1. Six or more apart or on different chains, Cβ under 8 Å: which pairs go from a residue in the stretch 392-421 that's under 26 Å from Leu153 (Cα atoms) to one that's of a type in the set (Lys, Arg) and in a helix (DSSP H, G or I)? Could you list them?
2. With the requirement that a residue be of a type in the set (Val, Ile, Thr) and out of contact with any Asp or Glu (no Cβ under 9 Å at 6 or more places or on another chain), what does the stretch 34-88 give you?
3. If Asn521 meets every condition in (1) at pLDDT 90 or above; (2) more than 16 Å from the ligand (Cβ to nearest atom) apart from one, which number is that one?
4. Identify the residue in the stretch 509-558 that is touching a Gly at 6+ places or on another chain (Cβ under 7 Å) and among the small types (Gly, Ala, Ser) and, among all such residues, is surrounded by the fewest Cβ atoms within 10 Å (Cβ to Cβ).
5. I'd like to verify a number: residues in the stretch 290-310 that are assigned to a strand (DSSP E or B) and among the charged types (D, E, K, R), how many?
6. So in the stretch 537-561, with the set limited to residues that are touching a residue at least 60 places away in the same chain (Cβ under 8 Å) and either in the same structural domain as Pro305 (by TED's automatic domain parsing) or more than 9 Å from the ligand (Cβ to nearest atom) (or both), which one is farthest from the chain's Cα centre (by Cα)?
7. Sort through Pro390, Pro364, Pro345 and tell me the only one that's surrounded by 15 or more Cβ atoms within 10 Å (Cβ to Cβ) and assigned to a loop (DSSP other than H, G, I, E, B).
8. Among the numbered criteria (1) outside the structural domain of Gly300 (by TED's automatic domain parsing); (2) among the aromatic types (Phe, Trp, Tyr); (3) touching a Cys at 6+ places or on another chain (Cβ under 8 Å), which one does Tyr146 miss?
Amino acid sequence: MEALEILKRHWGYEAFRPMQEEIISAAADGRDVLAILPTGGGKSVCFQVPALMRDGIALVVTPLIALMRDQVQNLEERGIRALAIHAGMERREVERLLNNAAYGGFKFLYVSPERLGTALFRSWLPLLPLNYIVVDEAHCISQWGYDFRPDYLQIGALRGLTDVPVIALTATATPQVAEDIMDKLAFRGRLLLRSGFERPNLSYIVRRCEDKNGQLADICQGVEGSGIVYMRHRRRCEEMAAYLESRGISASFYHAGLDSALRTQRQEAWRRGEIRVMVSTNAFGMGIDKADVRFVVHAGLPEGPESYFQEAGRAGRDGLSAYAVLLWNDSDLRRLRQLHTVSFPPLENIADIYQKLHIFYGIPYETGAGRQLRFDLEAFAARFRLERAPVHYALRYLERTEHLSFSEDVEISTQVGILAAREVLYDIDLPDPRMVTLLEVLMRRYSGIFSHPVPIREEEVAAACGCGVPALRQLLYRLSLEHVIRYIPGERCSVIYLHHNRLTPGNIDLRPEQYRFLADNARQRADAIADYASETDECRSRRLLRYFGQEESADCGSCDVCRARRSGGAPQASDAAVLRWWNETPAPTLSAFRAHCADPASGMPVDAMERLRALIDAGRLSISPGALEK
Ligand SMILES: [Zn+2]
C-alpha cells in the first residue's frame, strides 16, 4: 500500500507534515536515515508508516516505558498490532511476547535498550521477521550527547546480526551528535534529514527575578489555557502547586515519586483541561500529545539548552501563540555550578562506592555476576554515612562504564496465582460476592494462573470487576487470607543489576578520560544555558537555533530581547515602560496595571509594581485615589 493511503486509513490525515514524506520515502527505499524533528513534529508517523508498508515487524528501541505503553495503546486503537517488552517483566512473560513477535503477525515490537543484550533476546532475534530497526531518542547513543545511555550501544551490535535498514529519530542533536549517531549505528550511507527548528508562534521570555512564586502566579493568571511549570525538586513541585492553588489557580504536581496510577490520572486530568497548570519535574511531558499548551515556565535553570528546548517546545504545538518563560536568579546560577560538582564526584569516591555496594549485600570478591538487587538508596547512604546525591551519580557513572545497571522507580507488577484447584473453586464459601466475580475475571484473563503466579494489570482487572484499584487490592488481600490465591503485591523500587563479578580495588576501569570528557561536556551545556539566561543582546530564538547548528535564522520578533529592542530599551531596565502604560491607558487602575504586567509578552520590568510605587512616591506619576483602591 502507498504511504499516503496508510496515513489516511490508520490516522485519517489527508497529507504529511513537512519532512515526514522525505523521511518515509527514504526509509521505504531501504536507506538508513537519521531524522531530526522537533517535539510535536509527528515523529512516530515517520517510522510507523514505512513499517506498515513492508511485511514483518519493526523493532522499536526506546528508553521511555510510559511512552512505549502509550504508543502500543495508540497503535492498538488504530487497529495495528503492537507489543512492548520492558524492565520489570517476568522472563516467562518476555518469552511469550517474543513468541508472539516471531509468529503472531504483529507489526511493532517496542523494547527498552537493556533488553537487546540479553541472551534471551539474542536467542529469539533470528526468528523475528524484522523489517526495520527504529531507534527513538537516538541521541542517547552518543557519548557527546546530553543523555548518553550505554545500553544504546547494543543497537550498533544488532546491525551485524540483521541487515534491515535503520530509522533513527531524535528531537535535538547538535551537528557533532548527529555525526556520532550515524557512526554508532553503522549507517551504510549518511542521510540526515532535519526539519527547521523555528517555532514562530512561540515567544521565548527570560526574566531575572527574586520572587519566583509571585511571578509564576502572575503568569498563570495572565495567560489563559494549559501550562506546565518545570522545577528540579519533587518537594518544590508540591509546594509550588499548593501555592498556586492558594492563589486560586487550578494546579497539581507530578513527579516520578508518585505511583503510576496517580501519575496517569493526573496526566489525563491535565490533558482534558481539568487541571490547568501542572508543576512537575522533567518526568512530565515526554510523549504527551497535547497541542494547546499555552505556556511552559522553567522556574530555575535547566541543565542545558537541549533539555530546555525540548521542554519549552511542548508549548504551542497547535501553532497558536504560546510562551516559553525562563525565570532565574543568581542563586540558580550557583546551584547549577553546585550540581556540576555533585554530579561528578571524584573517581576515587566512585570506586569506593562500588566496593561499599558489594559490602552492603555481602558479596565477596570474584562473585556476584548477574545478580539483581533491590536497592534502597536511603538505607545505603545511611549505613555508610554518605550523601545521597553523590551516591546516585556514582551509580549512574558505574552504569555508564558498564559495571552495573541502575534502574530507579521500577514498577514490579502485582502477581497473583490461584491456589485452589479449578474444580473445587466454586465450592469454597467466600465471604464477599465480589470475590467470585474477581476470580472469574482472573481465570478468564490469565490462563496460566492455576499453575504459577502471573503478573496482572491492576487497572484492567479492577475495571472488569467494576471497582477501583484500592478495592481490588483489598479483595486480593482478603482472598489471600482465605488461602484461595497467592498474592504478591506490586511495588516500586530501584534495581541494580551486576554485570560482572566484584572486582578488587585497583582493578576497576573507570575510564578517567571519558569521565573528564563528560564533565567538560556537562559544564559546557551548563555554561550555554547560563549564557542564554543572562545575555540580553541576541534574539533568544536565534541563539537557541544557532546552538543546534542552524546558522541562518532571522530575529523572531517576539522574544523579550526582540520586544525590548523594538520599544528601544533594555528588557528590564526602564521606568519609561511603566510611565508610558500609565499615561497611555484611559482610566488606569492598579489592578489593570497588575494584570498587564502579568502578561509575559507585555515586556514590563519584573519589578514593575515597585517601580510604580517609587514613581508615585517621587511625584513623577499622578494618580487618582480611586485608581489605587481598585
Ligand atoms: Zn527574538
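1. Going by the 8 Å Cβ cut-off, the qualifying pairs are Phe406/Arg396.
2. Ile36, Val45, Val49, Ile57, Val72, Ile80
3. Of (1) at pLDDT 90 or above; (2) more than 16 Å from the ligand (Cβ to nearest atom), only one is false for Asn521: (1).
4. So the residue we want is Ala528.
5. 1
6. Ser553
7. Pro345
8. (3)
The values are calculated or read from the model by the stated rules, or taken from the named source; none is laboratory data. The structure displayed is predicted, hence computed values, not measured ones. Ideal geometry is used to build each Cβ from the backbone, glycine not excepted, and the neighbour counts take in all protein chains shown.
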